[in-house]
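Since the structure comes first, as structure tokens, the remarks are kept for the end.
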Amino acid sequence: MATRIGNFINGSFVDSASSRGLPVISPIDGSLLAEVPCSSVADLNAAVQAATAAFPKWSKTPIKERVQVFFRYKAFLERDLQKLALLVSQENGKTIGEGIAEIEKCIELTEFATSLPQLVTGEVLEVSKGVECRTEHVPLGVVASIVPFNFPAMVPNWTIPNALALGNCMIIKPSEKVPLSLTIIANLLKEAGLPDGVFNIVNGDSEIVEAICDHPGIEAVSFVGSTKVAKLVYQRSTQNLKRCLALGGAKNHLLVLPDAKPDMTAQNVAASMSGCAGQRCMAASAMVGVGDVDHIIDKICEEARRIVPGKNLGAVINKESKDRIERYITEAEQQGAKILVDGRNTHVAGKENGTYVGPTVIDHVKPGMAVATEEIFGPVISIMRVDTLDQALAIENASPYGNAASVFTQSGGAARYVIEKASAGMVGVNVGVPVPREPFSFGGWNDSKFGVGDITGKSSIEFWTQLRKSTVKWNPEAGVNWMS
């Protein structure tokens, strides 16, 4: 019988009040890892109560003291890196190397959080003789973070270190597909000295997501997932007068010009489309070749054939995803696209119950095809061909999404033109995955993000705090003027 994982409330793991549960299946080999509870509103209420009780003391703790927890937490992430990477791999299906990279990014995110005392010092100005105005960043209270399956550790760490270091208390809702990594993270935070109640985990399905959006004791909600659900979470949270920042899906375009370095371009395109089995919102999903780029496409195919499922390519999250991805490929083929590298019907010896899709390169895709416009979330690149850079940008601009765009060229003028014209929040030049490093923030445009600001970096400070403005006058000789 599978081990049933608990919710983490007020510093301890406790069983859910609900008897409903879901299996946690490893995509690598189909093995049963655990059972995750489908928690009830009563479980959420208990977590909010614990967070509410912890907030007064935690928020009044000086930020220089709060971040000491995260100095220790960072050290524990480094200590347990291999253990965490293995767990990420087991529950998500990505390779061990990708799991290691994910924990390394968690470490970087935590390192940024430890620098927050230097970034939230506020401002003081003598605005009139004897009169000072001051600003301070004040925590919101109890906040919530709803996180997806594709990065079981990294995406939670987009929000946990910053939100808590800034003085908030948090309830986090993991994906029911990958709830295990957060149990380790909870233990590490407790070991690092985080007070009970400051961080809580409530597992569950859509019922808990809706309850978080509705709960009157929660001040702000962050969400990462599909655009369809991001819209619903944003609408429901803001309708209940909460702050919300909801990140959705993407259809990222790589614009490849004939003067691009063939080897570098091919390596970046192949890595971008296949990294994490294509299950990331920054994955290259659509390539637009400008002019004669056949020599580069040939090299992309060579690189794709070096990517071997079960070795340097992980599994997709479940059979439903595998079937959906393969339907996209088949439909494109039926519509006249040419499959240059075919990842359908992939099986890995010894892991026959795993859910793998091989790297897939599809050429001569028309802009109106589903593979050209919809988020596939698999190791698939769809290649469209145009004559001019403006035609390529027109295809990119027509996408309702706006996470990332990249251009591959040796022309500084062409690169600058794309940076200025692409309708995307994150733009790369000769970079397949243009994710900013800390302290620069992560966030897209258009239907890839709902809400103001970004979820990481300096921009996150505005989301997780509110400004208190104070005006002070002590000396009576300052007199009375229009400010009085």
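Among the candidates Pro27, Pro23, the residue that is surrounded by fewer than 18 Cβ atoms within 10 Å (Cβ to Cβ) and farther than 26 Å from Val142 by Cβ is uniquely Pro23. Counting only helices (runs of 4 or more DSSP H) wholly contained in region 46-145, no element carries 1 or more residues that are within 18 Å of Ala186 (Cα to Cα) and not assigned by TED's automatic domain parsing to the domain that holds Thr159. Summed over region 396-451, the residues that are buried (at least 18 other Cβ atoms within 10 Å of the Cβ) and aliphatic (A, V, I, L, M) give a count of 11.
Of all the residues in region 199-220, those that are outside any loop (DSSP other than H, G, I, E, B) and either surrounded by fewer than 16 Cβ atoms within 10 Å (Cβ to Cβ) or not assigned by TED's automatic domain parsing to the domain that holds Pro37 (or both) number 4. Can you say whether Leu194 is in contact with a Leu (Cβ under 8 Å, 6 or more places away or on another chain), in a loop (DSSP other than H, G, I, E, B) and under 28 Å from Ile107 (Cβ atoms), as far as the supplied structure shows? The answer is yes for Leu194.
Residues in region 359-371 that are surrounded by 23 or more Cβ atoms within 10 Å (Cβ to Cβ) and under 28 Å from the mean Cα position of the chain (by Cα) were compared, and the one that is farthest from Ser399 (Cα to Cα) is Pro359.
State whether one or more residues within region 461-472 are touching a Cys at 6+ places or on another chain (Cβ under 6 Å) and surrounded by fewer than 16 Cβ atoms within 10 Å (Cβ to Cβ). Checked against the condition, which is being touching a Cys at 6+ places or on another chain (Cβ under 6 Å) and surrounded by fewer than 16 Cβ atoms within 10 Å (Cβ to Cβ), region 461-472 yields at least one hit. Take Glu102 and decide whether it is touching a strand residue (DSSP E or B) at 6+ places or on another chain (Cβ under 8 Å), among the charged types (D, E, K, R), buried (at least 23 other Cβ atoms within 10 Å of the Cβ) and in contact (Cβ under 8 Å) with a residue 12 or more places away in the chain. Judged against the criteria, Glu102 is not a match.
Residue pairs whose Cβ atoms lie under 6 Å apart, separated by 6 or more positions or on different chains, with the first residue in region 46-73 and without any contact (Cβ under 8 Å) to a residue 40 or more places away in the chain and the second of a type outside the set (Ser, Thr, Tyr), are Ala46/Ile9. Glu111: within 30 Å of Ser470 (Cβ to Cβ), of a type in the set (Asp, Glu) and either more than 16 Å from the chain's Cα centre (by Cα) or modelled with pLDDT under 95 (or both), yes or no? It is false that Glu111 is within 30 Å of Ser470 (Cβ to Cβ), of a type in the set (Asp, Glu) and either more than 16 Å from the chain's Cα centre (by Cα) or modelled with pLDDT under 95 (or both).
Restricting region 441-466 to residues that are touching a helix residue (DSSP H, G or I) at 6+ places or on another chain (Cβ under 9 Å) and acidic (Asp, Glu) leaves a set whose member that is farthest from Cys244 (Cα to Cα) is Asp447. Per the conditions (1) assigned to a loop (DSSP other than H, G, I, E, B); (2) aliphatic (A, V, I, L, M); (3) modelled with pLDDT of 95 or more; (4) farther than 30 Å from Asp292 by Cβ, the sole criterion not satisfied by Ile461 is (1).
Looking only at residues that are out of contact with any helix residue (DSSP H, G or I) (no Cβ under 8 Å at 6 or more places or on another chain) and part of a loop (DSSP other than H, G, I, E, B) in region 148-178, which one is surrounded by the most Cβ atoms within 10 Å (Cβ to Cβ)? The extreme case among them is Ser175.
Among the conditions (1) in the same structural domain as Ser406 (by TED's automatic domain parsing); (2) within 25 Å of Ser26 (Cα to Cα); (3) without any contact (Cβ under 8 Å) to a residue 60 or more places away in the chain, Asn187 misses just one, which is (1). Selection over region 281-294 of residues that are closer than 19 Å to Gly358 by Cβ and surrounded by fewer than 24 Cβ atoms within 10 Å (Cβ to Cβ) gives a count of 0.
The values are calculated or read from the model by the stated rules, or taken from the named source; none is laboratory data. Everything numeric in this text was worked out from a predicted model, so none of it was measured. Cβ sites come from the backbone with ideal geometry, for glycine too, and all protein chains shown count toward neighbours.
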